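One structure is given below, encoded as C-alpha cells.
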Amino acid sequence: MTVIALGAFALSTAACGPTTPADPATGSATTSAATSPATTPTERPTTPTAKPTPTKQPTNKASTPTAKPTKTAKPSEPRPEPVVVILRPGDSGPKVRAMQARLKQIGWFSGDVSNNYGSRTTEAIRGFQRKRGFPVTGVTDERTYNRILSMTRMPTEDELNNVKPVAPQPSAAAWDVDKRCLTGRVICISKSTRSLTWVIDGEAQYSMAVRFGSEAEPTREGVFGITWKKVDVISNLYHTPMPYSMFFSGGQAIHYSGDFARNGYNGSSHGCVNVRNMTLLKRLYNAAPVGTKVVVHW
C-alpha cells in the first residue's frame, strides 16, 4: 500500500510539473537557479561603446601653426679693410708731379704738372674714380693709385719738366716748301708733289693728296685768298657736287671729289683742286676762314 501511494504521488507531480525538492536542512523548498525562469537573470545585450569622433584638423593652411625654422647663426661679416691713402689734397712733392704726369698721359690732367696737389689734381682724381665706379673722393687711395699705375708708364724727364714735344715735320715729298708759305696761316699747294699742306707760322700741321686741272683747263698758280666757302655746292657748268668748297680764284676752288676718291689720278679736274680725303678736308674747312692765304706753286 505504501508503495502504491508513492507511485500515485509521483504521477501527480509529473502532470503538474516539476516540484522543488525540500531542502533537507530547512525543510523549505528550493528553486534551482539553472531551471527557474523567475529567478534566472535576463542577460542584457551589451551596449557597444561609442567610438570617439575624430576631431577634424583645420584645412586652412594659413591658420595651421607651423613649426618655426631654426635660426641659423649668420657668419660674422668681415670688417672692411682700412683705406690706405697714398696722396691727398694739400700734399706736395715729386710724387705728386709724377702722378699728374701719369694722369696727363691718359687725358685726365691738362696744363703743366707741378708738385702741388691742388684743385686741378683733385678734380682729375674725382673724374678718374667716377669713370671706374670707385668712391668719388678726390683722394688718391691705394686702389686708385694702383689703377693709375697699371694704365700708364713711367713719365719721361720732358713730361716731368713740361717740355713740349716737337711735332714731326712732314717729309719733303709731303710738303714742297715755298717761302711764301712760311708766314701766317697758309694753304700751301704744290703741283710738283701733288699735295696740299696746312701751314701755321712755317710749321706744317698736316698734308693731303690733291689733283689739278688738265692742260686745257689748268689750275692757276700764284698767291690767293679764300673769297667764299660753302659745304654743299653743285657746279653750274658740269652739274657735279663740290662738297666743302673753298673758292680762291674765280670759279676755282678746293673741294672734295668723289671721282678722285674712286679713280685717283686717272683723270683731272676742270681747274679746281680736288681732295679725296674727306676727313682732312673737313678739318681744313673748319680751320681756314674766308681770307685765309692760298699759295699754288710748282
task = Give region 110-121 a look and list any residue that's over 23 Å from Lys164 (Cβ atoms) and in contact with a Lys or Arg (Cβ under 9 Å, 6 or more places away or on another chain), or say none.
result = Tyr117
query = Do we have any residue at all in region 129-136 that's of a type in the set (Lys, Arg), part of a helix (DSSP H, G or I) and modelled with pLDDT of 90 or more?
reply = yes
key: Residue that is surrounded by the most Cβ atoms within 10 Å (Cβ to Cβ), among those in region 222-254 that are in a loop (DSSP other than H, G, I, E, B) and of a type in the set (Val, Ile, Thr)   = Ile226
remark   = Within region 187-221, residues assigned to a loop (DSSP other than H, G, I, E, B), touching a residue at least 60 places away in the same chain (Cβ under 8 Å) and of a type in the set (Gly, Ala, Ser) come out as Ser192
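In region 233-244, how many residues are in contact with a Lys or Arg (Cβ under 8 Å, 6 or more places away or on another chain) and closer than 13 Å to Gly271 by Cα?
So the count comes out to 0.
The values are calculated or read from the model by the stated rules, or taken from the named source; none is laboratory data. Everything numeric in this text was worked out from a predicted model, so none of it was measured. All Cβ positions, glycine included, derive from the backbone under ideal geometry; neighbour counts span all protein chains shown.
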